[in-house]
Every structure is written in C-alpha cells, then in structure tokens.
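Undergrad: Next up is a structure, given as structure tokens.
The values are calculated or read from the model by the stated rules, or taken from the named source; none is laboratory data. Because the structure is predicted, anything quoted here is derived from the model rather than measured. All Cβ positions, glycine included, derive from the backbone under ideal geometry; neighbour counts span all protein chains shown. All accessible areas refer to the heavy atoms of the entire protein, side chains included, with ligands and DNA or RNA removed. Shrake-Rupley method; radii C 1.70, N 1.55, O 1.52, S 1.80 Å.
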Amino acid sequence: MKIIVCKDYDEMSVEAAKIVAAQMKEKKDSILGLATGSTPLGLYNELVKMNQCGEIDFSEIKTFNLDEYYPISHKDDQSYYYFMNENLFSRVNIDPANTDIPNGEAPDAEAECKRYDAAIDASAGVDIQILGIGQNGHIAFNEASDVLHANTHQETLTENTIQANSRFFENEADVPRHALTMGVGSIMKARKIILLASGKNKRDAVRALTDDTITTQNPATLLKLHKDVIIICDEEAMG
Ligand code: GLP
C-alpha cells in the first residue's frame, strides 16, 4: 500500500487525476471503476479539464460505478446516476452506453445485483478503481459488520452513514435506508485501486489503514491484501 499525503484537497485531486490520465493514455479502452460522494469531485473536475483541452479521450473508455441508493429514481438529484451524469459523463466525450451503475429503479434488487456482476465479469475487468471512504471505514456501501459480501448485493445503511450522507438531503428522514453496492470481492478484483480521503472526519478511518491489522469492522482495511493500492489523502485526513 502506497500512501501519498498532499498539502490539501486540490493537490490530492490533481495527483489522482495524473494517475487516471496516465492509465487512459496507456490504454484507450481502459475500464474505470468510479465512486461518488464529495471526495472524487475534484478529481472529476480535473479529468473534465484534461478532456476539454484534448489531453485525454473518453471515447473508448468504459466505466462501472460502485454503488447506488435503492430504490431511487434516476431523476432524483441525490441518485448516483444523476450525480455521475452531472459531474462527469455529460461533461466529457464518453459514450453513455459504455457507463454502468447499479440501477436504483430496478424492480427486483437481487436480479439487478446479478445483472451487475455478470456485466463486470463479462468485461475485461476494472483497470483503476477510485474509492472514497466513509467515516466508519466503509468502501462503496460495504458497511462495517462481522460479515462482508464478495459480490454486488443490497445493503442496509448504518446510522453513521445515514447521518453523514444526510448533509446532501433536506432531512435525515429523506436519506434512503438501502443501497445496491459492489461487494468487497468485486472491488479487490480491480488491477489498481486509488483511495481518496480528505478532511479531519476521515482521520480515524485513514489511520486504520496505516497499521497491519485487518477487520471487517473497517472494510477499507481489507485493501491491505491488494497488491496495488494508492491512498491519496490530505494532511488533515492523515493528521
Ligand atoms: C457514500 C458512498 C461512498 C463514499 C462515502 C464518502 O457513502 N457510498 O462510496 O466513499 O459516501 O463520501 P464523501 O466523499 O462525501 O465523504
């Protein structure tokens, strides 16, 4: 596990964008694993800038997103479907047919999870997976628990996550209680993983990545078993 500590959020975003851009230049049809939340926004803005000035090309890029609230409409401005279109897909030259996100509108959650895993398996595999981290160490929506799932599944959000994510909603009661998420096994299959963390409230979760213990009570610690993980964080998150 490599850790890059940056001065601040902007520097972190530039650092992450350099790595993603290098991958995209090396392999025009790279498969990117994308994350939502506030942390990757700076990275997406950097990628948009690079795309607009012709430095990187999304025309052959494919993407899989980590997770989505469930159930939720694509039109809901809190859906990850909406987020990705707003913050990245509509701003770069990506073919929408090459993007996939667990479908929050699917009538049958279990069938949707199976469809999603099959789509990932049928692809050449994720080249770079972008990850944020929850204050409680969750990755995607894999919540701290005695038991984690390897594959895409429906998850019940913890109180900590509901509270943390309520800042995007009018009321805490509006935060969906469930989500569809890639499992930790699917995340670990990515050839390279970049985890982004910014701010004091991520300090405990990030510190747990710096010793050699692994626990399902902090799902991000499982990343210690992966051979190519880069943690990019700011000084506030590292403490
Ligand atoms: C959500 C997402 C995670 C994300 C986390 C942290 O729960 N499912 O993928 O990492 O929020 O979000 P933020 O970056 O806004 O702190």
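Undergrad: Using each residue's phi in segment 197-210, evaluate 6.51 cos²θ - 1.76 cosθ + 1.60 at θ = phi - 60° and report the 3J(HN,Hα) Karplus result to the nearest Hz, with x for Gly and Pro.
TA: Values per residue, Gly and Pro as x: 9, 9, x, 4, 5, 9, 4, 4, 5, 6, 4, 5, 8, 9 Hz.
Undergrad: Bin width 10 Å, alpha-carbon pairs only: give the P(r) of segment 1-141 as whole percents, running from 0 to the bin holding the largest distance.
TA: Values per bin, smallest distances first: 11, 41, 36, 11, 0.
Undergrad: Moving on to the next point. Based on the mean of other Cβ atoms within 10 Å per residue, sort peptides 137-143, 2-8, 82-88, 147-153 so the most packed one is first. Show your work: numbers first, answer last.
TA: Working: 137-143: 26.0, 2-8: 13.6, 82-88: 18.6, 147-153: 17.0.
Going from most to least packed, we get 137-143, 82-88, 147-153, 2-8.
Undergrad: Report the charge-dipole magnitude of segment 99-239 in Debye, nearest 20, computed about the Cα centre from +1 at each Lys and Arg Cβ and -1 at each Asp and Glu Cβ. Mind showing how you got there, number by number?
TA: Values: 13 positive and 22 negative charges, 100 e Å.
Charge dipole of segment 99-239: 480 debye, to the nearest 20.
Undergrad: Quick one: which of K27/K49; K7/K28; K189/K227; K2/K28 span more than 21 angstrom between C-alpha atoms? Numbers along the way, then the final one.
TA: Working: K27/K49 19 Å; K7/K28 31 Å; K189/K227 11 Å; K2/K28 25 Å.
Beyond 21 Å between Cα atoms: K7/K28; K2/K28.
Undergrad: Calculated FRET efficiency, Q163 and E86, Cβ-Cβ r, R0 22 Å, to nearest 0.05? Walk me through the intermediate numbers first.
TA: Details: r = 24 Å, r/R0 = 1.09.
The calculated FRET efficiency here is 0.40.
Undergrad: Follow-up question, since we're still on this one. Would you please name the GluC sites (Glu not before Pro) within segment 168-239 that are DSSP coil residues with at most 13 other C-beta atoms within 10 Å of their C-beta?
TA: Details: sites: E170, E172, E235, E236; in loops: E170.
For GluC sites (Glu not before Pro) across segment 168-239 that sit outside H, G, I, E and B with at most 13 neighbouring Cβ atoms in 10 Å, the list reads E170.
Undergrad: In sequence order, what are the phi-derived ³J(HN,Hα) couplings for segment 175-192 according to the Karplus relation 6.51 cos²θ - 1.76 cosθ + 1.60 with θ = phi - 60°, rounded to whole Hz, with x for glycine and proline?
TA: 5, x, 8, 10, 8, 9, 9, 4, x, 5, x, 5, 5, 5, 6, 4, 5, 9
Undergrad: I've got another one for you. Please work out how much length the chain gains when fully extended from S123 to R177, using 0.36 nm per residue of separation minus the C-alpha to C-alpha distance, in nm with one decimal. Write out the running numbers ahead of the final one.
TA: On the way: separation 54, 0.36 × 54 = 19.44 nm, distance 3.02 nm.
Answer, rounded to one decimal: 16.4 nm.
Undergrad: To the nearest 20 debye, what is the magnitude of the charge dipole of the chain about its Cα centre, counting +1 on the Cβ of each Lys and Arg and -1 on the Cβ of each Asp and Glu? Before the final figure, lay out the partial values.
TA: On the way: 23 positive and 38 negative charges, 145 e Å.
With only Lys, Arg, Asp and Glu charged at Cβ, the dipole is about 700 debye.
Undergrad: Now a separate question. Give me the Kirkwood hydrodynamic radius of the chain, using the inverse of the mean 1/r over all pairs of distinct Cα atoms, in Å to one decimal.
TA: Details: mean 1/r = 0.0562 Å⁻¹.
About 17.8 Å, per the Kirkwood formula over Cα pairs.
Undergrad: As a test of the formula, what do you get for the chain when each DSSP H run with n ≥ 4 contributes -39,500 (n - 2.57) and the sum is divided by the residue count, at 222 nm and rounded to the nearest 500 deg cm²/dmol?
TA: -8500 deg cm²/dmol
Undergrad: Using the Cα atoms of segment 112-168 to build a convex hull, what is its mean projected area in square nanometres? Could the numbers behind the result be given before it?
TA: Details: hull surface 19.9 nm².
Taking the Cα atoms of segment 112-168, their convex hull projects to 5.0 nm² on average.
Undergrad: What percentage of the solvent-accessible surface of the chain, computed with a 1.4 Å probe over protein heavy atoms, is contributed by carbon and sulfur atoms?
TA: Numbers: 5140 of 10660 Å².
Carbon plus sulfur share of accessible area: 48 percent.
Undergrad: May I pose another question? Starting from 0 in steps of 10 Å, tell me what percent of the Cα-Cα pairs of segment 67-200 lands in each bin.
TA: Result returned by the calculation: 11, 41, 40, 7, 0.
Undergrad: For K200, go through the aspartates and glutamates and keep the ones whose alpha-carbon is under 17 Å away, minus same-chain ones fewer than eight residues off.
TA: Leaving aside aspartates and glutamates fewer than 8 places away in the same chain, those within reach of K200 are D8, D10, E11, D234, E235, E236.
Undergrad: Label-point separation (nm) for T156 and D204, each offset 7 Å from Cα along Cα-to-Cβ?
TA: Taking the simple label geometry, T156 and D204 are separated by 2.2 nm.
Undergrad: If packing is taken as the mean number of other Cβ atoms within 10 Å per residue, what is the order of 203-210, 13-20, highest first?
TA: Values: 203-210: 17.8, 13-20: 19.4.
For the peptides 203-210, 13-20, the packing ranking is 13-20, 203-210.
Undergrad: Ranked from highest to lowest mean number of other Cβ atoms within 10 Å per residue, what is the order of the peptides 183-191, 69-77? Show your work: numbers first, answer last.
TA: On the way: 183-191: 20.0, 69-77: 16.3.
Listed from highest to lowest mean packing, they are 183-191, 69-77.
Undergrad: Starting from the amide H of H178, placed 1.01 Å from N in the peptide plane, find each other amide H under 5 Å away whose residue is 5 or more places distant or on another chain.
TA: Those lying under 5 Å, H to H, from H178 are Y70, L157.
Undergrad: Continuing with this model, one more query. So if I place +1 on the C-beta of Lys and Arg and -1 on the C-beta of Asp and Glu, and nothing else carries charge, what would the dipole magnitude of segment 11-130 be about its Cα centre? I want it in debye, nearest 20.
TA: Details: 10 positive and 22 negative charges, 73 e Å.
Using Cβ point charges on Lys, Arg, Asp and Glu, segment 11-130 gives about 360 debye.
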